[in-house]
Structures are given as C-alpha cells and as structure tokens.
Amino acid sequence: MSKLLKKPVKLALIQLASGADKSHNLTHARDKVLSAAQSGAGIVVLPECFNSPYGCDYFPSYAETLLPSPPTPSQSPSFHALSAMAKEAHVYLIGGSIPELDTETKKYYNTSLTFGPSGDLLATHRKVHLFDIDIPGKITFKESEVLSPGNKVTIVEFPEYGKVAIAICYDIRFPELAMIAARKGAFALVYPGAFNTTTGPMHWKLLGQARAVDNQVYVALCSPARDEDASYRAWGHSLVCDPLAEVLVEAGEREETVLVDLSGEKIEESRKGIPVYGQRRFDVYPDVSKGEVRFEDEV
Ligand SMILES: NC(=O)CC(=O)C(=O)O
C-alpha cells in the first residue's frame, strides 16, 4: 500500500473567537496561527467564517472579491492576511472560510482558501452543499437565500505530506464528497464548520466519526468558539478523529487551539486490521470516485 501520509505531521485546529471587527479577527487569527506553528504544527486550520460573524445577514457586508486571482489587498484583505500568515508561520494553512462575492456574476459564496508555507494559494473550495434546514422550534437557516453553491470536489496536494480534502461544514453530511476524496488518496478530510447548539449535539461528533470510519482516514472539524451573544451560537468542540474513528482531541466551547500528531502508520494499520478498503464490491454497486466527478470549478 502506498503511503498516503509521507511523514508525521502535527495538525492544529484553531477554535477562534471572532467578532464583528474584521481587521481584529485577521490580526487575532495571525497571532493564533503563529503560536500554533511555535507549538510545532505543520498544518493549521481556521474555522468557517473566521473573519466575520456567521449568518445570512452578514455575508454580503463581509464578502470579498477573490477573482481574478490574486485579488488586490483592497478586494480581499483576508486573502493577503492568510497568505502572509502561512508564510510567516511557514505552515500549510487551511484558512477556514470567508464570504466571497464574484463581482462578474454577482453571486455570493462561502469560500475556503488554502495557502502553502511560501504564502502561495494552493486551493479554493466553495461550499458545495448549502446549509438550508428547518427544525421547527429550534432553528431555521437558509444559506441559499444569499449564497450560491460551489461545484467541485477539492483535494489539495501538500508536497511534504500528501493529499488533503477540504470541504465546508454542511458538506460533511454528504458522504460522497468524502468517499471520492479518500479514494483519490487523501490522508485527511478537513472541514472548517460552524454547527450550532441544536445540530452540534445531534451530529457534529457522529459525522466526524462516520466519515473517518467510512474512509479510514483522519477527519478534522474546526469550529468558531461559542459566542453566547451572537445571533448564531456555534457549537465549538473542534475535533480530530483517527482512521478508526477514535476522537483524538476535542475542544470545549471557548477559544482554544487543539493539536494532534497524525501518522501514516495509523492509516496503514487500520486498513490492514479491517481491510474494507480492498473488499469493496464494485461489481455490485458503483465506485462514486470513478463516475463523472468535477475537480475544477465550472466557469
Ligand atoms: N454552517 C453549517 O453549514 C451548519 C451545519 O452544517 C449544521 O448541520 O449545523
């Protein structure tokens, strides 16, 4: 079996406390990314909407323009801040997500940017599955009132380590994205995500463990810290599951950085012990990674 993860790496999830002040959020994120790097992290993750409060009312006013790439600093201060943080900390940085406005189509997206240790943009993922739910008496949320969906599977190669799949929050509820990425060789599935105090206790950990056990890879979920005064109260509990679906680390509700060591051996051992990876019956059902899969944004 080829090594999915070429060498051990420390992963950091920054459960950031963000507020209404974007430039403060960016400076605060920088401090946390640098301190995660000082603790030995090689890959650092920020939460969904790390530079703004989360909610349909906020997306338009916080949206930045990313295309054509690279944007100017005034079009996207967050792009430039993330690139600089990755370079200064010398880490692979999965920059949570930010609200994006495509000025040509006038469409808004929930978009994740990933940068390499030289500050170069490695990947862009626009949330594919929008968070439209209605649980009477608990929560109604309709991202599609403002946002448009992305249309591709995102797998990024970190040359030192291997491939990582990136998707955003509600995307975790759709196992196809995870299966495709794992079968294409990702060693980890990373989801910046902001579940809430209704969906969090129901499904956050369960979904992390489910995607891990289905695919025998590491799964990381990175949430904003809970703000009790916000209109949307994030669940917190950023966590990492190993390829056997054991939760290796889990944050509480407040601001916190969790760090964990990932190793290729763990993936190999789990696949050797429970070899479902080689036991699939593609003569009985189709392999979703072999059908028509889009890896590039439709333009
Ligand atoms: N932010 C989200 O997409 C929230 C979500 O997916 C949930 O189930 O809660």
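Couple of notes before you dig in:
- All Cα pairs of region 143-299, percent lying beyond 28 Å: 23
- Charge-dipole axis of the chain as Lys and Arg at +1 and Asp and Glu at -1 on Cβ define it, positive-most pick from Pro99, Pro73, Gly273: Gly273
- Computed magnitude of the charge dipole of region 226-299 (debye, nearest 20; Cβ of K, R +1, Cβ of D, E -1): 500
- Computed P(r) (all Cα pairs; region 247-299; 5 Å bins; percent): 4, 12, 12, 11, 13, 14, 17, 12, 4, 1
- Over region 9-276 - Rg/Rh using Cα atoms and the Kirkwood inverse-distance radius: 0.94
- For the residue pairs Lys6/Lys87; Lys10/Lys152; Lys7/Lys205; Lys22/Lys142; Lys106/Lys138; Lys7/Lys272, alpha carbon separations beyond 25 Å are given by Lys10/Lys152; Lys7/Lys205; Lys106/Lys138.
- Taken about its Cα centre, the chain carries a charge dipole of about 720 debye when Lys and Arg each add +1 at the Cβ and Asp and Glu each add -1 at the Cβ.
- Region 54-191 shape via C-alpha gyration tensor axes, a/c threshold 1.5: oblate
- In region 88-164, taking the dipole from charged Cβ atoms about the Cα centre, the farthest positive-side position among Gly116, Pro136, Gly150 is held by Pro136.
- For region 1-110, Kirkwood radius (reciprocal of mean inverse C-alpha pair distance, Å): 14.7
- Region 9-276: relative contact order in percent, alpha carbon pairs under 8 Å with at least 6 residues between: 19
Bear in mind that the values in this text are calculations on the coordinates, not laboratory data. Every value quoted in this text rests on a predicted model; they were computed, and no experiment measured them. Positions of Cβ are backbone-derived with ideal geometry, glycine not excepted, and every protein chain shown enters the neighbour counts.
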